[in-house]
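S.K.: My structure is below; once you've seen it, I'll send some questions.
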There are 2 protein chains.
Amino acid sequence: MKNTQILLPERDLPTHYVNINYYLKKYLGKLPDPPIHPATMKPIKPEELEVFFPKAIIKQEISLEEKIEIPDEVREIYKMYRPTPLIRAKRLEKYLDTPAHIYFKYEGATITGNHKINTAIAQAYYNKQEGVKRLTTETGAGQWGTALSVAGKFFGLKVIVFMVRVSYDQKPYRKIIMQIFNAEVNPSPSTKTDFGQKLLKQNPDNPGSLGIAISEALEISLKDKNTKYSLGSVLNHVLLHQTIVGQEAKKQMELAGEYPDILIGCVGGGSNYSGFAIPFLIDKIAGLKPKLRSIGVEPKSCPKMTKGDYRYDFGDTAGKTPLLKMETLGHDFIPPKIHAGGLRYHGNAPILSFLNRSGITEAKAYDQNSIFQAASIFAQTEGLVSAPETAHAIKAAIDEAIKAKKEGKKKIILFNMSGLGYLDLKGYDDFLQGRLI
Amino acid sequence: MKNTQILLPERDLPTHYVNINYYLKKYLGKLPDPPIHPATMKPIKPEELEVFFPKAIIKQEISLEEKIEIPDEVREIYKMYRPTPLIRAKRLEKYLDTPAHIYFKYEGATITGNHKINTAIAQAYYNKQEGVKRLTTETGAGQWGTALSVAGKFFGLKVIVFMVRVSYDQKPYRKIIMQIFNAEVNPSPSTKTDFGQKLLKQNPDNPGSLGIAISEALEISLKDKNTKYSLGSVLNHVLLHQTIVGQEAKKQMELAGEYPDILIGCVGGGSNYSGFAIPFLIDKIAGLKPKLRSIGVEPKSCPKMTKGDYRYDFGDTAGKTPLLKMETLGHDFIPPKIHAGGLRYHGNAPILSFLNRSGITEAKAYDQNSIFQAASIFAQTEGLVSAPETAHAIKAAIDEAIKAKKEGKKKIILFNMSGLGYLDLKGYDDFLQGRLI
């Protein structure tokens with residue numbers, strides 16, 4: 001019998017980030033539309049982004065290189081927890097009585113329990129290199145804020161987090177973790193920014209959203225040249241950093257002797273799913289794997305991929321970012337208070353939006369009850385309590401495995417188990433008590 | 001530079017549990033005193049334990065075999081998460097500026113985030129083999145209850161947990177996890193047993209203790225022949241199962257090209273530390289590593305090793321267990337409400353008590369503030385938020401590394417990172433807010 005856990009030695013840790021834009025240009029002859037400046041409506045100039053980001057990150061954001069070398073110092077930290085395992089979900093397969101093989105890339109094995117730390121380390125490093133002292137950021141469920149707090153601590157940067165108020169109230173433990181790493185954590189909307197004050201005046205009970213928290217974090221970074229802004233998803237450089245996930249998974253699938261028929265990941269801003277899928281998708285783009293399917297999964301209550309427009313929109317609520325060409329529900333959309341806080345974002349990564357709209361990838365949406373039910377089955381068979389965000393991917397993987405059974409086909413399904421849910425148990429409780437609608 | 005994570009392939013997963021009693025008899029010519037029956041004061045007969053445990057487990061409890069084969073079905077489940085990594089704590093070494101090499105065996109990488117699942121799987125398997133339908137158990141901080149709930153679910157056994165009331169109230173999330181795996185969770189003392197009712201009548205605010213919870217779990221198992229009792233530490237068979245941790249660590253240290261000078265683990269009932277240390281300690285017992293030091297670490301507020309007696313005592317509060325020869329604070333000792341709930345137990349494993357009293361191992365005690373401070377340093381350097389129990393081991397490891405620096409000696413320190421603390425963050429919060437005494 002094949003191994004259950006497929007482990008890679010440290011020497012197989014990726015040395016480069018993989019840039020999908022190189023492949024899109026080379027094989028499709030086209031690229032996602034560039035960010036534009038809201039005042040001039042012209043493509044933004046790299047130097048106009050320097051108020052937010054260090055130069056090295058801006059360079060990555062617009063790069064058309066095939067791959068970008070990972071700095072030694074960043075790789076040394078990755079080695080603390082990477083390569084992460086790839087696991088064959090044998091017990092889940094047996095439970096579903098499916099001919100499908102179900103694999104998952106286990107990003108719950110990182111030091112913070114999910115994939116966010118992969119880009120946090122890189123971003124903290126590049127900022128430190130250019131003399132930045134403080135990083136501001138937003139966080140939804142708290143995973144990203146935690147990751148940046150850890151990475152900031154590693155590189156001696158102060159981290160200021162704006163945490164969506166509904167999550168701040170629902171998940172007090174997340175705040176404590178960030179404080180262990182000496183981060184400053186503010187509920188958003190907060191009284192710390194002009195934008196937050198304005199919103200609280202209109203509605204003191206504003207539950208917040210990722211879009212609002214981004215606006216607040218941006219406002220702080222604009223006020224001080226030693227403070228830069230750090231984003232946990234959406235942008236090209238974040239997806240780029242997450243390609244280490246897919247590169248490892250690809251090597252591990254080779255060791256398993258299989259190539260996936262279907263890739264699956266959950267989508268908030270799009271980085272975990274894209275970083276996981278891109279190293280495989282370049283095979284499809286190059287014409288080597290034309291039948292490869294790739295499914296991004298979102299909540300029905302925040303359906304930018306399945307029901308959004310594809311147009312230029314702001315990345316934040318206040319309209320302080322460049323305009324991004326993306327799948328969006330509108331930058332003033334405030335998603336319902338679902339437990340998958342990391343998926344409560346109005347827009348989608350420009351790269352992933354482009355892939356979806358080009359027919360390279362596809363999308364699916366599920367309601368809360370169905371994803372917690374899937375996550376419970378996964379827990380009871382594989383022993384792992386997933387984050388509510390990840391539960392969306394699990395639901396799609398289970399559905400595809402059931403479909404494979406009905407069709408009598410041995411499909412190879414691979415999903416990104418992007419994170420654990422030990423700090424998100426209230427959602428499970430509501431599910432178990434029948435309180436979810 | 002040597003690898004940071006030292007991984008073992010699946011084929012190196014141990015095939016046997018290692019029995020220290022074989023080595024004690026062979027090399028020292030003596031064994032820990034046997035359990036005795038409180039009525040007759042004579043050594044308990046194996047069949048007298050059958051009301052609590054399946055025969056296979058009783059056989060292991062009294063075994064003098066050198067090693068006991070791990071059943072295939074148990075190994076298949078171990079393969080879902082084992083071998084766990086061994087990690088060189090390079091960033092912690094650098095922070096401490098110590099010549100010592102600090103390694104930790106990372107049991108936080110198991111499916112439940114700590115070592116408890118290792119014995120839970122074995123115990124559930126042996127019970128299932130003998131037709132048992134239900135398992136009752138106690139849990140302190142909730143780690144053991146969670147592990148048995150998962151293992152019970154894997155083998156189709158109903159699990160009934162008595163959770164120490166102070167932890168039940170402090171850690172509501174733990175209850176939810178157990179419920180995801182369909183376990184029944186009762187705060188202890190509970191109204192479900194005669195003993196619980198009696199205690200609640202005397203004091204409705206009784207905070208509970210592991211000793212009380214064990215009494216309640218035992219009472220339930222005594223009332224129904226299809227219900228057996230399962231213990232998460234203390235007994236020989238539990239320590240035996242945990243030797244897979246030390247066996248892996250030993251192979252991994254070989255790969256690292258070093259042999260530890262000092263082993264360190266935290267002690268509640270003694271199983272994580274013993275299972276981790278035994279595969280090394282047999283080298284000391286056999287005279288191969290006479291200078292090997294091994295330190296068990298306990299809270300100052302529950303100091304059975306450093307201040308307890310070594311005598312026969314009950315394992316539970318009500319006095320329903322056989323009498324065990326052990327280091328004890330007395331079976332009616334109710335420890336203060338410290339955050340390290342898993343260390344709030346009055347007694348110590350008979351094997352570990354024997355090793356301590358024979359001078360093979362040593363013991364140390366720390367207060368709450370110092371262990372949370374150590375855990376914060378560990379988090380900030382290695383990125384991992386440890387359980388408060390594990391923090392005791394971390395504190396001792398840091399102290400030994402500082403001592404090595406003062407003495408200018410390159411010591412090889414290896415500790416068992418027995419578990420993560422994502423569900424125990426209130427302790428960190430109290431520490432950060434200066435509320436700990």
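The values are calculated or read from the model by the stated rules, or taken from the named source; none is laboratory data. The structure presented is a predicted model; accordingly, all values stated were derived computationally and were not measured. Don't worry about glycine lacking a Cβ; one is built from the backbone with ideal geometry, like all the others, and counts go over all protein chains shown. Surface areas here come from the heavy atoms of the whole protein model, side chains and all, with no ligands, DNA or RNA. Shrake-Rupley method; radii C 1.70, N 1.55, O 1.52, S 1.80 Å.
S.K.: Return the only residue of A:ASN127, A:ASN114 being within 12 Å of another protein chain (Cβ to nearest Cβ) and either closer than 15 Å to A:THR227 by Cα or in contact with a Gly (Cβ under 6 Å, 6 or more places away or on another chain) (or both).
M.R.: A:ASN114
S.K.: Moving on to the next point. Is it true that some residue in the stretch A:344-355 is open to solvent by less than 10 Å² (accessible area, probe 1.4 Å), over 19 Å from the mean Cα position of the chain (by Cα) and either of a type in the set (A, V, I, L, M) or more than 14 Å from chain B (Cβ to nearest Cβ) (or both)?
M.R.: No - not one qualifying residue is present in the stretch A:344-355.
S.K.: Among B:ALA396, B:ALA391, B:ALA404, B:ALA375, which is open to solvent by less than 10 Å² (accessible area, probe 1.4 Å) and either in a loop (DSSP other than H, G, I, E, B) or within 10 Å of another protein chain (Cβ to nearest Cβ) (or both)?
M.R.: B:ALA375
S.K.: Of all residues in the stretch A:185-208, which are closer than 13 Å to A:GLY142 by Cα and either touching a Ser or Thr at 6+ places or on another chain (Cβ under 8 Å) or within 14 Å of another protein chain (Cβ to nearest Cβ) (or both)?
M.R.: Passing the criteria: only A:VAL185.
S.K.: Test A:ASP283 against the stated conditions and say whether it is in contact with a Leu (Cβ under 8 Å, 6 or more places away or on another chain), without any contact (Cβ under 8 Å) to a residue 24 or more places away in the chain and of a type outside the set (Val, Ile, Thr).
M.R.: yes
S.K.: Among the residues of the stretch B:356-378, is there at least one that is on the phi > 0 side of the Ramachandran plot, without any contact (Cβ under 8 Å) to a residue 24 or more places away in the chain and within 22 Å of the chain's Cα centre (by Cα)?
M.R.: Yes, the conditions are met somewhere in the stretch B:356-378.
S.K.: Still on this structure, please answer the following. Need the failing condition index for A:ILE180 against (1) at pLDDT 95 or above; (2) aliphatic (A, V, I, L, M); (3) open to solvent by less than 10 Å² (accessible area, probe 1.4 Å); (4) under 21 Å from the mean Cα position of the chain (by Cα), just the number.
M.R.: (4)
S.K.: Considering only residues that are of a type outside the set (Phe, Trp, Tyr), open to solvent by less than 20 Å² (accessible area, probe 1.4 Å) and not in a helix (DSSP H, G or I), which ones fall in the stretch A:212-233?
M.R.: If the condition is that a residue be of a type outside the set (Phe, Trp, Tyr), open to solvent by less than 20 Å² (accessible area, probe 1.4 Å) and not in a helix (DSSP H, G or I), then A:THR227, A:SER230, A:LEU231, A:GLY232, A:SER233 are the ones that fit.
S.K.: Tell me the residue from A:VAL150, A:VAL164 that is within 13 Å of another protein chain (Cβ to nearest Cβ), within 26 Å of B:LEU432 (Cα to Cα) and open to solvent by less than 10 Å² (accessible area, probe 1.4 Å), please.
M.R.: Testing whether each residue is within 13 Å of another protein chain (Cβ to nearest Cβ), within 26 Å of B:LEU432 (Cα to Cα) and open to solvent by less than 10 Å² (accessible area, probe 1.4 Å) leaves just A:VAL150.
S.K.: May I ask you to list the residues in the stretch A:91-110 that are within 14 Å of A:LEU384 (Cβ to Cβ) and not aromatic (Phe, Trp, Tyr)?
M.R.: A:ARG91, A:LEU92, A:ILE102, A:LYS105, A:GLU107, A:GLY108, A:ALA109, A:THR110
S.K.: Would you say B:VAL18 is under 27 Å from B:GLY257 (Cβ atoms) and away from chain A (no Cβ under 12 Å)?
M.R.: In short, yes.
S.K.: Scan the stretch A:416-426 for residues that are within 11 Å of chain B (Cβ to nearest Cβ), under 30 Å from A:GLU248 (Cα atoms) and not in a loop (DSSP other than H, G, I, E, B) and jot them down.
M.R.: Hits for the stretch A:416-426 are A:LEU420, A:LEU425.
S.K.: Also: Among the residues of the stretch B:385-421, what is the count of those that are touching a Gly at 6+ places or on another chain (Cβ under 6 Å) and farther than 24 Å from B:LYS289 by Cα?
M.R.: Qualifying residue count for the region: 8.
S.K.: Here is a check on your reading of the model: is A:ILE412 of a type outside the set (Ser, Thr, Tyr) and over 16 Å from the mean Cα position of the chain (by Cα)?
M.R.: Here the answer is yes, as A:ILE412 does meet what is asked.
S.K.: Could you please let me know if B:GLY434 is open to solvent by 10 Å² or more (accessible area, probe 1.4 Å), farther than 30 Å from B:ILE212 by Cα, more than 14 Å from chain A (Cβ to nearest Cβ) and of a type in the set (Gly, Ala, Ser)?
M.R.: No.
S.K.: Would you be able to tell me the number of residues in the stretch B:69-91 that are of a type in the set (A, V, I, L, M, F, W, C) and more than 19 Å from B:HIS115 (Cα to Cα)?
M.R.: Result for the stretch B:69-91: 1.
S.K.: Applying the selection to the stretch A:335-368, what residues are part of a loop (DSSP other than H, G, I, E, B), hydroxyl-bearing (Ser, Thr, Tyr) and touching a strand residue (DSSP E or B) at 6+ places or on another chain (Cβ under 8 Å)?
M.R.: Hit for the stretch A:335-368 is A:THR361, nothing else.
S.K.: In this structure, is B:ASP429 open to solvent by 20 Å² or more (accessible area, probe 1.4 Å), among the acidic types (Asp, Glu) and within 13 Å of chain A (Cβ to nearest Cβ)?
M.R.: Spelling it out, B:ASP429 is indeed open to solvent by 20 Å² or more (accessible area, probe 1.4 Å), among the acidic types (Asp, Glu) and within 13 Å of chain A (Cβ to nearest Cβ).
S.K.: Could you pull out every one of the strands (runs of 3 or more DSSP E) wholly within the stretch A:234-327 that has 1 or more residues that are open to solvent by less than 30 Å² (accessible area, probe 1.4 Å) and in contact with a helix residue (DSSP H, G or I) (Cβ under 6 Å, 6 or more places away or on another chain)?
M.R.: Strands (runs of 3 or more DSSP E) meeting the threshold: A:262-266, A:293-299.
S.K.: Given the condition touching a residue at least 24 places away in the same chain (Cβ under 8 Å), among the aliphatic types (A, V, I, L, M) and away from every other protein chain (no Cβ under 14 Å), answer yes or no: does some residue in the stretch A:76-96 qualify?
M.R.: Yes, the stretch A:76-96 contains at least one residue that is touching a residue at least 24 places away in the same chain (Cβ under 8 Å), among the aliphatic types (A, V, I, L, M) and away from every other protein chain (no Cβ under 14 Å).
S.K.: Of everything in the stretch B:39-54, what is of a type outside the set (A, V, I, L, M) and closer than 21 Å to B:VAL238 by Cβ? Give them in sequence order.
M.R.: B:PRO43, B:LYS45, B:PRO46, B:GLU47, B:GLU48, B:GLU50, B:PHE52, B:PHE53, B:PRO54
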